[in-house]
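The next block holds one structure in the form of structure tokens; read it before the comments.
The values are calculated or read from the model by the stated rules, or taken from the named source; none is laboratory data. Everything quoted here is computed from the prediction, not taken from an experiment. Glycine gets a Cβ as well: all are built from the backbone with ideal geometry, and neighbour counts include every protein chain shown. Ligands, DNA and RNA are stripped out before the accessible areas are found, and what is left, the full protein with its side chains, is counted by its heavy atoms. Shrake-Rupley method; radii C 1.70, N 1.55, O 1.52, S 1.80 Å.
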Amino acid sequence: MGKKLFILLVVLMSLSLIGIIFVQSFFINNSLENEEKNFTLSVKRALSFVSRDIEEMELRDFIIRIQPYFAQAEKPDSTLIQQLYVTAEDDLNDKTIVHRNTVLEERFKVPSLFFEIDADSIILSNFSNDRITKIYGNSKLDGNRNITPEQTLAEYSSMPELRKQMYEATFKTLLRDIPIYKRVTPLQVETLLERELSSEGVNLDFEFAIYDDDLATKVQTQNFEKKDAYGIPIFLDNNNESNYRLWVDFPDRKKYLLSSILWMIVLSIIFTSIIIIAYSSAIYQLIKQRQISQIKTDFINNMTHEFKTPIATINLALDSIKNPKIINDQEKVKRYLGMIKDENKRMHAQVENVLRISKLEKNELNISKERIKLHDLIEDAITHVELIVEDRKGYVKTHLEAAKSSVLANETHFTNVIVNILDNAIKYSDDSPKIDVYTENIGNSVILRIADQGSGMSKQVAKRVFEKFYREHTGNVHNVKGHGLGLAYVKRIVDDHQGHISVESEKGKGSTFIIKLPLIS
């Protein structure tokens, strides 16, 4: 996959993921707004019913209190009669229809103490309605008009609706200046609010208060806050105006609204997280595959370079042996055969390294372990490289300060681990290799440090130095032999010994490899 195509694919996938998250967020926010609108509508509807109930409760209470005065009074203090006569001629049946509608207003004096006003008493009216319809025949045999009705229809009613309207209008005017706490109690308001809110499906704790314009009254709960409250006018006068307003606040409103769409939020988070994980995994695999492809290419190039020299050497040695002047010279033939054998061993060792690391990854390499002293392994490993170090005028100094060094290890493989690290220290030292080996005890572990003063490596390279096939890019320059398997093998062996390996390095100042192994008693 080309670099441009790879970048385009990552960008498109990222935009798609961002789009999905944006759509999910928009949908959740829209659902929350709809829930809030429905909640507001339910609360306002409940408040309108409460306002109506408070007014009707007050009117009903005063009507009940003045009703005994109507019942006890033998006769009204004054009366007023209004009559309406309607006459109609029925020519078809030769009759005259007379309709009389009488409205009787009975006025009673009621003590004003009910309303706490200055006057001694007030006058309340009681209305009744009397409706009579008479039907007269227009003629008799002697030609005179009949003055006795042939039929009389009578109907009587007390006109409760008219009385109620007049009471209501009167009470609204009289009660307007009475303090609100004498007209309604907090318990009454709370009871009505609980009933109406419950009927609207709002089962939530609330706080309330009645305000006179912008001033709080005594009718309120202790923890009321007006900040996000819902309000409605109460005790409207005859002009549908009022200075009083009932406010209701819901402290847990946001939690209540969120809980209504909680399942949606949880599912969205779960599915979005799955998509993000899948996306991240896909991107990681793409990057990993791209890196592996690049590393494999580098590995093939390095292996090709590594094999060119021994193959060329073997070919030259064989050509030389074929030469008639050389074939009879036993010394030269032995020398060339030795070169062929050495180069063959070199290629075999490289192939073995590849196969060995592959077996390690598949857990097919059987590593038996035994009790052994780490200091003995260090001394043995140094003997493998001391001639090379001496030849380059360098040194390997040991500082074996660990009092305990017994570990459970495989002698061959762990010796190879130390040799590999020492070999890298030699290869990556431009001048004479200067290597120091330290050991110390920390807790129940022994620490091995191998420090060199070579070329070192950057932090980015140090993070990946233990990856299989990984080598620092140096262009087409191959001044250091290898194919990125040595340190990968080292890490696998240390991990198999329940140990830990890390590296500290600085470009131009050298590297320090640190191995931590558990001690055995």
If amide hydrogens are placed 1.01 Å from N in the peptide plane, which non-local residues have theirs closer than 5 Å to the one on N410? E370
Could you run the Karplus curve 6.51 cos²θ - 1.76 cosθ + 1.60 with θ = phi - 60° over segment 314-327 and give me ³J(HN,Hα) per residue in whole Hz, x for Gly and Pro? 4, 4, 5, 4, 5, 4, 5, 5, 5, 5, x, 6, 8, 5
What would the Debye formula give as log10 I(q)/I(0) at q = 0.19 Å⁻¹ for the alpha-carbon point model of segment 219-304, no solvent? -0.95
Output the pairs from K397/K463; K332/K393; K345/K393; K369/K404; K369/K516; K37/K218 with a Cα-Cα distance over 21 Å in this structure; if there are none, say none. K397/K463; K332/K393; K345/K393; K37/K218
Carbon/sulfur accessible area of segment 382-444, % of total, 1.4 Å probe, equals 45 percent
Using protein chains only and a probe of 1.4 angstrom, how many square angstrom of M347 are accessible, to the nearest 10? 40 Å²
The answer for the net charge of residues other than Y438 whose Cβ lies under 11 angstrom from its Cβ, with Lys and Arg +1 and Asp and Glu -1, is -1
Violations at 21 Å Cα threshold for listed pairs K226/K255; K3/K296; K373/K509 -> K373/K509
Would you grab the residues whose amide H sits under 5 Å from the one on A402? Only those 5+ places off in sequence or on another chain, please, with H modelled 1.01 Å from N. T439, E440
For segment 1-43, one quarter of the surface area of the C-alpha convex hull, expressed in nm², comes to 2.5 nm²
Taking amide H atoms as placed 1.01 Å from N in the peptide plane, list the residues 5 or more away in sequence, or in a different chain, whose amide H sits under 5 Å from that of V219. I210
